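Before any comments, here is the structure.
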Amino acid sequence: MSEKKGVSAIDFFCIGFGAIVGVGWAVSINSWMAGSGGPLPAAVGYMLALIIMIPIALCYCELCAMLPVSGGGMAYAFRAFGDNIAFISGWAAFGAFVTIIPWEAIYVVDILSILIPVLKAGAPLYTLAGADIYLGHIVVGLVISVILYLINRKGVTSSASIQKILCFILVGAGILAMIFAMFKFDTANFQPIYENIGKGTHKSFIGGAMVILASAPFFLAGFETIPQGIESAGGDVKSVGKTVVLTVVLSCFFYALLLFTLGGAMPWKEFIGFDSPAAALLFRDVYGGPIGMGLYLFILIGAISGLITTWNGFMMASSQILMAMARVSIVPDVLAEQHPVYKTPINALKVCLVASIAGPFLGSGLIGSLTTFSAAGYVTSWMITAYSLIKLRHTEPTLNRPYEIPGGEKTAWFAGISMTALLALLIIPGQPVFMGGFATAMFAGWMFIGLVLFIIDYRQRRHYSQLKRASFLFASMMAQGDTVLPEYTEFFEDDYRYLSFVVPKEADYSGKTLIELGWGKSQNVFIIKIEHGTQMIFLPNGKTQVFKGDRVFAVGIEKSIIRFRDGQYIGDKYTMGNLKDFMGLGSTEAQVPLICKVVKVTKDAPYCNKPLKYSGITDYTQCMVIGLQSLGKTFMMPDADTLIEEDDDLWVVGLEENIEKFLSLTEPAGSPEATA
């Protein structure tokens with residue numbers, strides 16, 4: 001099967017790294033030093049952040065490869081816990097995402113005003129939270145907002161192209177800053193190693209380092225843009241998942257090295273008095289002349305590039321998570337509407353455009369509160385994501401996992417507990433990482449607004465079952481792609497049938513396993529799928545239990561299905577149809593992500609000359625033999641005693657990865673697939 005074209009792992013790295021690093025290092029680095037009591041406590045703080053962030057990034061690495069859909073943590077929470085927890089995760093994350101957009105809009109016009117002073121010409125229109133708002137700011141913010149909206153409207157691929165270029169400029173500016181800072185490096189500039197200069201309640205070096213944890217989620221959150229855009233990934237999603245971890249690790253080291261090198265380039269207590277953009281002003285001060293001015297301008301350009309990479313990345317991510325929430329009716333479903341040509345979430349992007357345009361009207365006076373408010377939103381979402389991974393490992397152990405995190409559940413538990421503790425510290429007054437009363441009130445108010453919308457959307461959610469809404473969210477995982485039509489699909493249409501029914505509350509077989517029920521042996525029908533809550537079990541094994549409220553899909557030849565329907569208590573909520581349409585081999589859309597292969601039995605096949613019940617096909621590969629052709633005769637739904645012989649044609653149904661597993665034990669190396 002050919003790989004689909006899309007956004008590569010390198011593109012996703014540029015999206016994630018550009019969204020993480022952005023402009024924080026250029027405009028906030030001296031604020032980090034001031035808040036932590038020096039450059040060294042701040043640098044150590046980012047190493048502490050790395051320790052607690054790597055497990056979270058690893059959780060995303062496993063989950064986004066396992067569930068490659070838009071929505072990120074919200075989608076994982078919906079799969080694991082359902083509506084309520086998914087709402088908390090999604091709404092908190094969306095609040096964090098969407099507040100970064102005006103944050104970037106505010107800063108980009110401020111820095112552009114340094115390069116283009118005319119943007120601050122004349123009297124300010126008004127003052128908000130101590131910051132003057134100029135007409136030039138509003139015009140520039142509006143123009144850039146519309147440009148980024150148009151780029152993202154064309155899709156993640158378009159967004160990734162501009163992101164890659166700007167990311168290289170951003171990284172180049174950062175590396176250049178480190179190199180030229182080392183030319184002026186003096187360890188005496190670190191003195192005093194630690195001192196609380198009146199900002200915060202910390203009283204020690206470690207306490208100062210921990211202050212970074214309050215804002216680190218904001219300045220490291222860009223990795224979440226990767227899972228949000230993964231539906232556009234081309235090639236191996238496992239590689240895309242690993243970029244999540246790589247972006248977090250490199251970003252923490254990037255920040256720590258900048259704090260160390262720039263902190264050693266001039267006395268830090270002098271540096272913390274610089275206005276924004278502090279990093280650019282430092283080089284103009286310590287070098288002076290043409291070199292100082294050249295470095296000053298280059299770092300400003302890098303800062304602007306970083307602003308736009310973050311702005312661009314989070315406009316994409318915000319629209320994707322909003323679309324995902326709309327797919328499961330957490331927010332109005334109109335926000336799930338996609339552009340007819342580009343297939344991008346057009347209405348969700350319009351919401352992000354409004355947030356982007358709002359930034360220049362708000363001004364820089366609200367920057368601090370937006371930063372800490374976002375941090376709480378991220379930590380909440382990350383905490384739930386870690387617990388979602390743990391839950392899914394228990395409820396869906398057979399789900400295909402291209403990547404499994406080192407340490408397994410222990411790593412996920414560490415991530416979840418760390419984020420729970422950090423969230424508590426963020427909202428408890430008096431702690432070094434307390435985000436402040438105003439930001440706490442903002443976060444509480446945001447969650448309350450979301451709760452109101454969630455309650456209002458109750459009827460919309462009831463319109464579709466939770467499982468049906470799950471199918472909307474995970475639709476991209478169920479795409480058939482290169483489905484091969486077997487040679488004998490006419491049998492699928494004329495002879496094979498499926499029966500779908502909801503297990504009644506009064507059913508005496510509720511709670512029994514498929515082995516105990518023995519439907520295959522007694523009725524000659526086989527269970528191809530069970531929908532249990534948000535969980536979809538394809539080709540369940542004999543130990544799978546059937547519970548009341550489950551939707552069960554049985555397949556068999558027509559007379560067997562009719563006999564099963566009439567002889568088994570299945571209630572009135574059932575549907576019947578032909579297997580061809582059910583599997584998407586006809587004119588309708590597939591209802592299951594299963595494919596069918598016709599395989600020629602070779603004498604070397606481990607199941608050759610064995611009856612089906614001893615072949616191990618179902619036990620080892622989780623595939624089902626629904627037909628067998630031998631010596632010109634066709635056996636539909638062959639029974640367990642049917643002998644498999646050399647040169648027989650087996651009609652095998654299964655998930656794509658299980659079919660590949662079956663073929664790997666079927667065919668000698670180098671032989672072509674025997675498919676129709």
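The values are calculated or read from the model by the stated rules, or taken from the named source; none is laboratory data. None of the values given here were measured: they were computed from a predicted structure. All Cβ positions, even for glycine, are placed from backbone atoms using ideal geometry, and neighbour counts span all protein chains on display. Side chains are part of the model used for accessible areas, which takes the heavy atoms of the whole protein and leaves out ligands, DNA and RNA. Shrake-Rupley method; radii C 1.70, N 1.55, O 1.52, S 1.80 Å.
Here are a few things to note about the model shown:
- Counting the residues of region 388-411 that are out of contact with any Phe, Trp or Tyr (no Cβ under 8 Å at 6 or more places or on another chain) and either buried (at least 22 other Cβ atoms within 10 Å of the Cβ) or among the aliphatic types (A, V, I, L, M) (or both) gives 2.
- Of the residues making up region 524-563, those that are in a helix (DSSP H, G or I), of a type outside the set (Ser, Thr, Tyr) and buried (at least 18 other Cβ atoms within 10 Å of the Cβ) number 1.
- Matching residues, region 102-124, being of a type in the set (Gly, Ala, Ser) and part of a helix (DSSP H, G or I): Ala105, Ser113
- Residue list for region 429-450, filter: free of Cβ contacts under 8 Å to residues at least 24 places away in the same chain and more than 19 Å from Ala214 (Cβ to Cβ): Gly445, Phe448, Ile449
- Qualifying residue in region 160-180 (condition: assigned to a helix (DSSP H, G or I), touching a strand residue (DSSP E or B) at 6+ places or on another chain (Cβ under 8 Å), among the small types (Gly, Ala, Ser) and in contact (Cβ under 8 Å) with a residue 12 or more places away in the chain): yes
- Of the residues making up region 70-87, those that are surrounded by 23 or more Cβ atoms within 10 Å (Cβ to Cβ) and closer than 19 Å to Lys391 by Cβ are Gly71, Gly72, Gly73, Met74, Ala75, Tyr76, Ala77, Phe78, Arg79, Ala80, Ala86, Phe87.
- Considering region 96-130, the residues that are in contact with a Gly (Cβ under 6 Å, 6 or more places away or on another chain) and closer than 20 Å to Ala280 by Cβ include one that is surrounded by the fewest Cβ atoms within 10 Å (Cβ to Cβ), namely Leu119.
- For first residues located in region 126-137 and in contact (Cβ under 8 Å) with a residue 24 or more places away in the chain and among the charged types (D, E, K, R), partners that are open to solvent by less than 60 Å² (accessible area, probe 1.4 Å) and in a loop (DSSP other than H, G, I, E, B) and lie 6+ apart or on another chain with Cβ distances below 7 Å form the pairs Asp132/Pro124.
Table: residues versus (1) over 30 Å from Met447 (Cβ atoms); (2) under 19 Å from the mean Cα position of the chain (by Cα); (3) crowded, with 24+ Cβ neighbours inside 10 Å; (4) modelled with pLDDT under 85.
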position	(1), (2), (3), (4)
Phe274	yes, no, no, no
Val286	yes, no, no, no
Pro290	yes, no, no, no
Ser318	no, yes, yes, no
Glu337	no, no, no, no
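- For Gly200, the requirement of being of a type outside the set (Val, Ile, Thr) and part of a helix (DSSP H, G or I) is not met.
- Enumeration of residues in region 261-272 that are part of a helix (DSSP H, G or I) and surrounded by fewer than 18 Cβ atoms within 10 Å (Cβ to Cβ): Lys269, Glu270
- Pairs, first closer than 15 Å to Ile304 by Cβ in region 274-287, second basic (Lys, Arg) and open to solvent by 30 Å² or more (accessible area, probe 1.4 Å), C-beta under 8 Å, six or more apart: none
- Boolean, Gly294 is open to solvent by less than 60 Å² (accessible area, probe 1.4 Å), assigned to a helix (DSSP H, G or I) and at pLDDT 90 or above: yes
- Residue in region 145-154 that is nearest to Pro102 (Cα to Cα), counting only those that are in contact (Cβ under 8 Å) with a residue 12 or more places away in the chain and open to solvent by 30 Å² or more (accessible area, probe 1.4 Å): Val146
- Within region 621-661, the set of residues being hydrophobic (A, V, I, L, M, F, W, C) and more than 30 Å from Met66 (Cβ to Cβ) comprises Leu628, Leu631, Phe635, Met636, Met637, Ala640, Leu643, Ile644.
- Enumeration of residues in region 599-623 that are touching a residue at least 24 places away in the same chain (Cβ under 8 Å), open to solvent by less than 90 Å² (accessible area, probe 1.4 Å) and either assigned to a loop (DSSP other than H, G, I, E, B) or among the polar types (S, T, N, Q) (or both): Val601, Thr602, Ala605, Pro606, Tyr607, Cys608, Ser615, Thr618, Thr621, Gln622, Cys623
- Within region 125-151, the set of residues being farther than 14 Å from Ile111 by Cα and assigned to a loop (DSSP other than H, G, I, E, B) comprises Leu125, Ala129, Gly130.
- Matching residues, region 16-68, being surrounded by fewer than 24 Cβ atoms within 10 Å (Cβ to Cβ) and outside any helix (DSSP H, G or I): Pro68
- Some residue of region 466-486 being out of contact with any Pro (no Cβ under 7 Å at 6 or more places or on another chain), modelled with pLDDT of 85 or more and of a type outside the set (Phe, Trp, Tyr): no
- When residues in region 625-636 are screened for being in contact (Cβ under 8 Å) with a residue 40 or more places away in the chain, hydrophobic (A, V, I, L, M, F, W, C) and crowded, with 22+ Cβ neighbours inside 10 Å, 1 of them pass.
- Checked against the criterion of being surrounded by fewer than 19 Cβ atoms within 10 Å (Cβ to Cβ), farther than 19 Å from Pro611 by Cα and modelled with pLDDT under 85, region 648-656 contains one or more residues that satisfy it.
- Residue match in region 224-233 (condition: among the charged types (D, E, K, R), open to solvent by 30 Å² or more (accessible area, probe 1.4 Å), in a helix (DSSP H, G or I) and on the phi < 0 side of the Ramachandran plot): yes
- Residue list for region 591-623, restricted to those being in contact with a Phe, Trp or Tyr (Cβ under 7 Å, 6 or more places away or on another chain) and within 15 Å of Leu665 (Cα to Cα): Val598, Ser615, Gly616, Ile617, Thr621, Cys623
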